[in-house]
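Report on one structure; see the data block that follows.
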Amino acid sequence: MKRSTLILLKTLTWIACLGPAGLLAYQAVTNTLGPDPTANIELTTGYNTLLLLILSLAISPVRKLMPRLTWLIKFRRLLGLFAFFYGTLHMLTYVALYANFDVHAMLADIQKRRFITMGVTAWLLLVPLAATSTNWAIRKLGGKQWNRLHSLVYVAAVCGIVHYWWQVKPGVLSPLNLTLVLGVLLALRPVLAWNQRRKMRAVAA
Amino acid sequence: MLIGKKPDIPSSAITSRDEYVRYQGRRRFLRTAAKTAAVAGAAVLGVERVAEIFAPRTGVLADTKLQTVKSPLTTTGEELTSFQDITHYNNFYEFGVDKGDPAKNAGGLPTRPWTVRVDGKVKNPKTFDIDSLLKLRPLEDRVYRHRCVERWSMVIPWVGYSLSEFINLCEPLSSAKYVQFLSYYDKHVEKWSSESTIFWPYSEGLRMDEAMHPLALLTVGMYGQVLPNQDGAPVRIVVPWKYGYKSAKSIVAVRFLDKVPPTTWNQMAPDEYGFYSNVNPNVDHPRWSQKLERRIGQPFYAQTRQTLLFNGYADQVGSLYAGMDLKKNH
């Protein structure tokens with residue numbers, strides 16, 4: 001890929017990723033966040049966290065299935081970090097607007113409410129991944145170690161989806177679409193790994 | 001007036017929910033048949049107006065003004081939530097699970113003709129026509145706080161009269177201990193009802209003394225006008241000291257019972273939604289605290305406020321629950 005094309009695509013990705021946050025900021029300033037601003041902020045940031053996390057998880061399988069798209073790897077870190085950015089906004093919204101900065105209330109919530117426990121777990125799992133996202137950290141850890149650490153992203157995504165299901169009312173199916181996509185991605189992993197091993201054996205033989 | 005008119009089917013045959021669903025199907029069939037006949041007539045005569053005369057009116061414009069009187073039972077000292085927010089942010093799962101869905105999808109709710117069937121433990125089963133319900137008693141302006149179990153709240157100027165006045169006309173037997181409200185259900189009109197796994201029709205209920213409390217409102221309007229479809233047209237219940245889902249919308253049947261009726265959310269998740277569902281900051285929802293609430297229509301930094309016991313109506317309704325363990329009977 002030409003360098004200029006890459007820069008253009010990266011710029012567009014940045015704009016797309018910043019879009020929801022920019023819109024929220026604009027709406028907050030103009031007081032047009034809708035009837036329930038707090039819920040709007042919480043839902044928008046939460047949904048985009050999961051969406052970006054799942055998009056970043058889709059990159060490896062897509063590359064394996066379509067070798068022409070291998071350059072997509074250049075976008076994975078960007079998507080992952082934006083997922084962390086939205087996850088952090090999501091958590092801060094809870095801290096400020098839902099819990100009113102009440103530490104006792106938050107501790108009680110984390111202890112008693114499984115959807116909050118699960119959400120906090122998902123966010124905590126993303127912290128070391130975001131922290132080791134630099135080229136320096138990748139070199140320091142070594143590819144194998146780094147890959148092993150970053151497979152935690154699957155756990156985080158599953159925690160995030162479970163958090164979503166536990167938050168909605170029983171019988172409400174709004175998390176279904178993201179769940180299905182994540183399910184397909186998780187199921188694809190062993191299939192693609194098996195396929196690759198088969199190919200390698202074929203080459204060796 | 002349809003009061004006192006014999007019901008189409010004997011009460012012995014209309015006790016089950018299945019039967020109710022079939023009844024809804026018949027309603028729909030009759031309506032469709034009437035429409036078809038009217039349209040056919042119009043085609044033969046070539047007169048458009050014939051269709052207008054014979055086709056059943058399926059709605060009354062939401063901006064139809066109602067004659068109302070003041071009420072001493074109205075809540076004072078609260079800033080009203082805007083008409084726009086009340087009508088564009090609410091739950092009515094038959095029309096979709098998003099808060100904006102009811103406003104988008106409830107247009108097809110056929111609010112005319114509309115009848116409310118009364119049966120169960122009553123002297124005689126009856127059917128009330130909506131237009132007679134509107135004239136039974138003077139319509140009062142009643143501002144109430146509205147607290148959703150999801151932690152958001154509003155202040156809504158409802159129009160209606162005490163449910164007790166209606167119940168007295170129903171002549172319940174002394175064996176009637178509970179009253180059940182069934183909402184309109186037609187999966188062809190409410191095709192969004194499949195977005196959740198709820199078993200329709202929506203059912204809610206109250207203990208008899210709760211239903212007879214003067215604050216419990218038989219509601220036909222809001223902001224001085226006919227109820228907008230998405231807010232439960234043409235007639236709904238409003239029980240201001242309970243979480244919003246207890247206030248069933250678009251009522252087609254009222255049934256008096258000697259035992260606790262099955263209610264929709266309680267059946268979906270009994271640990272989360274008790275039969276009583278009184279607003280209570282000291283009883284947590286299993287998934288979140290109920291101590292705080294978010295007032296709709298305020299900027300994000302000014303939304304949060306304390307939730308009050310019985311939604312601020314403790315002085316009026318507290319005695320209904322004297323000696324009861326409110327945690328156990330949540």
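Observations
- The residues in region B:112-127 that are out of contact with any helix residue (DSSP H, G or I) (no Cβ under 6 Å at 6 or more places or on another chain) and closer than 27 Å to residue B:268 by Cβ can be counted, and the count is 4.
- For region A:111-154, filtered to residues that are closer than 23 Å to residue A:95 by Cα and in contact with a Lys or Arg (Cβ under 7 Å, 6 or more places away or on another chain), the residue that is modelled with the highest pLDDT is A:115.
- Note on region B:276-293: among residues that are farther than 11 Å from residue B:307 by Cβ and among the polar types (S, T, N, Q), the one that is farthest from the other protein chains (Cβ to nearest Cβ) is B:278.
- Leading residue by the ranking (nearest to the other protein chains (Cβ to nearest Cβ)) among those in region B:89-114 that are surrounded by fewer than 18 Cβ atoms within 10 Å (Cβ to Cβ) and touching a residue at least 12 places away in the same chain (Cβ under 8 Å): B:100
- Residue A:71 meets the conditions (1) closer than 25 Å to residue A:177 by Cβ; (2) away from chain B (no Cβ under 14 Å); (3) in contact (Cβ under 8 Å) with a residue 40 or more places away in the chain in every case but one. The failed one is (1).
- For residue B:245, the conditions (1) aromatic (Phe, Trp, Tyr); (2) closer than 26 Å to residue B:326 by Cα; (3) more than 14 Å from chain A (Cβ to nearest Cβ) are fulfilled apart from (3).
- Every residue from region B:170-184 that is farther than 15 Å from residue B:263 by Cα and out of contact with any Leu (no Cβ under 8 Å at 6 or more places or on another chain): B:170, B:171, B:172, B:173, B:174, B:175
- The criterion of at least 2 residues that are under 14 Å from the mean Cα position of the chain (by Cα) is met, among strands (runs of 3 or more DSSP E) falling completely within region B:229-330, by B:236-238, B:251-257.
- Scanning region B:310-330 for residues that are within 22 Å of residue A:113 (Cα to Cα) and among the aliphatic types (A, V, I, L, M) returns a single hit, B:326.
- Yes/no for residue B:205 being more than 24 Å from residue B:294 (Cα to Cα) and not basic (Lys, Arg): yes
- Count - residues of region B:154-196 that are farther than 16 Å from residue B:237 by Cβ and either within 14 Å of chain A (Cβ to nearest Cβ) or basic (Lys, Arg) (or both): 10
The values are calculated or read from the model by the stated rules, or taken from the named source; none is laboratory data. Not measured: the values here are computed from a predicted model. Here the Cβ is made from the backbone with ideal geometry for all residues, glycine too, and neighbour counts use every protein chain on show.
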